[in-house]
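These notes are about the structure you will find just below.
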Amino acid sequence: MNFQERLLKAIPGGAHTYSRGYDQYPTNVPEILTRGKGSYIYDHEGTKYLDYGMALRAVNIGYAEDEIDSAAISQIRNGNNLTRPSMIELEASELLIDLIDSVDMVKFTKNGSTAVSAAVKLARAYTGRELVARCAEHPFFSYDDWFIASTPLTRGIPQETIEKIKTFRYNDIVSLEALIAQHPEKIACVVLEPAAIEEPKDGFLQRVQELCRAHGIVFVLDEMITGFRWHMKGAQHTYGVTPDLCTFGKAMANGFSVACIAGKREIMELGAIELEGRERVFLLSTTHGAEMCGLGAFIATIRFMQKHKVVEHLWDYGRKLTAMMQRQAEAHGIGHSFKIGGIACSPYYLTLDESGANSLDLRTLFSQEMIRNGVLMPWIALCYRHDEDELAVTERAIEQSFKIYRLALNEGVEKYLNGPAIKPVFRKYN
């Protein structure tokens, strides 16, 4: 029995995150990994790959960074999880409050889903409303029912939950205005990322903030991806908005399991216990939410990022990488099909068929050939340990992969693609 068969036998979906599943990769992807160091990962045979997946964007400095690992290990030796609040718990909380301008209070947890779900719960409690308006273009906010209800995967979710989730379009303020007009004084919160594939245009985020203020709606900004990549103070600082609540995770602790909900005191303190006579909201209450190793890693990550100007490096490397990929696409005559774009610190690529539609076959082929040439690039997540040597490795892999991509455009992708194309995560049927 191979590793894939063992994984599928032991774990529903074969991994603990659907985006790590075998259906998200070409057939030549390593079935299992054993370790990572810097910007490289290794399979069970010791084969080395340059990685641009970076633990689903959770690692923004590098795998197994000694300084950060040592901080985590130090906290493990302090007991890792104590009976009352720990010193590192207080230090981490005060550090985040000092760092992010919109934050008065913070509560840590272990993953982004629970943090964003906590924001939705707080918003509903604060406003006394039940509807949630979430941005349709942003692919994932939580594994909880309130979000999954707005995807095709509604099996097991009550109909009343489905009916309480509404969607609007990014950079389309009219769509949000129409939603608010359609459901007056019914929307508890607006949930969106500051940016994803697109950056905000024509003051879009400011308009969202103004609408929320005018209609008593809680403005929730999900910074799982943008936080500690766009700016040390978050993309909210980059774009000049002040959310009521915001969530962070992924890169905040360089791969350690740390996420949080944070924001205005008047909303966050609904989960307090010291305000006598006030009806309580049962906010996050998790045994491992303030696990000391993760919070030690968070503090060490922030210090490392400030010392080494990590965010500036991500922007600089991203500009070099995207320029190189665009140059190579044009040189190989595939610039009309292979598109590179996005924000320099978090770029993306698209693979388009002859009609200009997204092609999963071509995307799978590109990923397949990059793996064949020693680079795992399911998407583009950058880290501090991506540097000039890694750019050269990437360019060599790109050159070889684009040769096959060009042949596939001329002769048919099916001739060069080994195995099935990758599939969307949010599909109704397997």
Worksheet item: Would you say Ala392 is hydrophobic (A, V, I, L, M, F, W, C), over 27 Å from Tyr63 (Cα atoms) and either in contact with a Leu (Cβ under 6 Å, 6 or more places away or on another chain) or without any contact (Cβ under 8 Å) to a residue 12 or more places away in the chain (or both)?
Response: no
Fill in: Selected residue (only one of Lys166, Lys107 is at pLDDT 95 or above, in contact with a strand residue (DSSP E or B) (Cβ under 9 Å, 6 or more places away or on another chain) and within 24 Å of Arg207 (Cβ to Cβ))
Lys166
Item to complete: Need at least 1 residues that are farther than 17 Å from Phe141 by Cα, more than 14 Å from the chain's Cα centre (by Cα) and among the aromatic types (Phe, Trp, Tyr) per element, so show me which helices (runs of 4 or more DSSP H) inside the range 210-314 make the cut, counting only ones lying wholly within it.
Response: 235-239, 292-308
Discussion item. Going residue by residue through the range 270-288, is there one that turns out to be among the aromatic types (Phe, Trp, Tyr) and in the same structural domain as Lys201 (by TED's automatic domain parsing)?
Written reply: yes
Worksheet item: Is one or more of the residues making up the range 81-91 acidic (Asp, Glu), surrounded by 13 or more Cβ atoms within 10 Å (Cβ to Cβ) and assigned to a helix (DSSP H, G or I)?
Response: yes
Worksheet item: What single numbered condition from (1) over 24 Å from Ile88 (Cα atoms); (2) buried (at least 24 other Cβ atoms within 10 Å of the Cβ) fails to hold for Gly296?
Response: (1)
Worksheet, complete the sentence: When the range 1-59 is checked residue by residue, the ones that are buried (at least 16 other Cβ atoms within 10 Å of the Cβ), part of a strand (DSSP E or B) and charged (D, E, K, R) are Asp43, Asp51
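Tyr22: farther than 30 Å from Phe298 by Cβ and not acidic (Asp, Glu), yes or no?
Working: farther than 30 Å from Phe298 by Cβ: yes; not acidic (Asp, Glu): yes.
Yes; evaluated as a whole, the condition is true for this residue.
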Worksheet, complete the sentence: Here the qualifying pairs (Cβ atoms under 6 Å; residues six or more apart or on different chains; first in the range 19-32 and in contact (Cβ under 8 Å) with a residue 24 or more places away in the chain and within 13 Å of Ala421 (Cα to Cα); second surrounded by 17 or more Cβ atoms within 10 Å (Cβ to Cβ) and of a type in the set (S, T, N, Q)) come out as Pro26/Thr364; Pro26/Ser367; Pro26/Gln368; Asn28/Gln368
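Inspect all residues belonging to the range 173-191 and state whether any of them is closer than 23 Å to Tyr239 by Cα and under 19 Å from the mean Cα position of the chain (by Cα). Let's see the steps before the verdict.
Of the range 173-191, the ones closer than 23 Å to Tyr239 by Cα are 173-177, 189-191.
Those left that are additionally under 19 Å from the mean Cα position of the chain (by Cα): 190-191.
Yes, the conditions are met somewhere in the range 173-191.
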Practice prompt. Assess whether Tyr126 counts as being closer than 24 Å to Thr286 by Cα, over 20 Å from the mean Cα position of the chain (by Cα) and among the hydroxyl-bearing types (Ser, Thr, Tyr).
Written response: yes
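Filter the range 342-361 for residues that are closer than 23 Å to Val59 by Cβ and either crowded, with 18+ Cβ neighbours inside 10 Å or not aromatic (Phe, Trp, Tyr) (or both) and give the result. Steps first, answer last, please.
Start the filter on the range 342-361 by keeping residues that are closer than 23 Å to Val59 by Cβ, which leaves 342-349.
Within the range 342-361, Gly342, Ile343, Ala344, Cys345, Ser346, Pro347, Tyr349 qualify.
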Worksheet entry | Scan of the range 305-324 for residues that are surrounded by 20 or more Cβ atoms within 10 Å (Cβ to Cβ) and among the aromatic types (Phe, Trp, Tyr), ordered by number | Tyr317
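Just name the residue that is modelled with the lowest pLDDT out of those in the range 1-20 that are of a type in the set (A, V, I, L, M), farther than 20 Å from Phe141 by Cα and in contact with a helix residue (DSSP H, G or I) (Cβ under 8 Å, 6 or more places away or on another chain). Lay out the reasoning, then the answer.
Filtering the range 1-20 for residues of a type in the set (A, V, I, L, M) gives 1, 7-8, 10-11, 15.
Among the residues that remain, those that are also farther than 20 Å from Phe141 by Cα are: 1, 7-8, 10-11.
Now narrow it down to the ones that are in contact with a helix residue (DSSP H, G or I) (Cβ under 8 Å, 6 or more places away or on another chain): 1, 7-8.
On the way: Met1: 74, Leu7: 91, Leu8: 89.
By that ranking, first place goes to Met1.
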Discussion item. Being part of a loop (DSSP other than H, G, I, E, B), within 28 Å of the chain's Cα centre (by Cα) and surrounded by 18 or more Cβ atoms within 10 Å (Cβ to Cβ) narrows it down to one residue among Leu365, Leu417, Leu382; which is it?
Written reply: Leu382
Worksheet item: Is there a residue in the range 268-279 that is modelled with pLDDT of 95 or more, of a type in the set (A, V, I, L, M, F, W, C) and surrounded by 16 or more Cβ atoms within 10 Å (Cβ to Cβ)?
Response: yes
Discussion item. Taking the conditions exactly as written (without any contact (Cβ under 8 Å) to a residue 40 or more places away in the chain, closer than 17 Å to Val425 by Cα, surrounded by 13 or more Cβ atoms within 10 Å (Cβ to Cβ) and touching a strand residue (DSSP E or B) at 6+ places or on another chain (Cβ under 8 Å)), does Ser150 satisfy them or not?
Written reply: yes
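Hey, among Gly356, Gly335, which residue is part of a loop (DSSP other than H, G, I, E, B), free of Cβ contacts under 8 Å to residues at least 12 places away in the same chain and on the phi < 0 side of the Ramachandran plot? Outline the logic, then answer.
Numbers: Gly356 fails: on the phi < 0 side of the Ramachandran plot.
Within the list Gly356, Gly335, the selection yields Gly335.
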Discussion item. When you scan the range 174-191, do you find a residue that is at pLDDT 95 or above, surrounded by fewer than 19 Cβ atoms within 10 Å (Cβ to Cβ) and in a strand (DSSP E or B), even just one?
Written reply: no
Worksheet entry | Pairs with Cβ under 8 Å, 6+ apart, first in the range 187-215 and under 27 Å from Leu350 (Cβ atoms), second surrounded by 20 or more Cβ atoms within 10 Å (Cβ to Cβ) and basic (Lys, Arg) | Val191/Arg134; Leu192/Arg134
Discussion item. For the range 104-115, check the following and say yes or no: at least one residue is in the same structural domain as Gly271 (by TED's automatic domain parsing) and exposed (fewer than 15 other Cβ atoms within 10 Å of the Cβ).
Written reply: yes
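The values are calculated or read from the model by the stated rules, or taken from the named source; none is laboratory data. If you're wondering where the values come from, they're calculated on a predicted model, not measured in any experiment. All Cβ positions, even for glycine, are placed from backbone atoms using ideal geometry, and neighbour counts span all protein chains on display.
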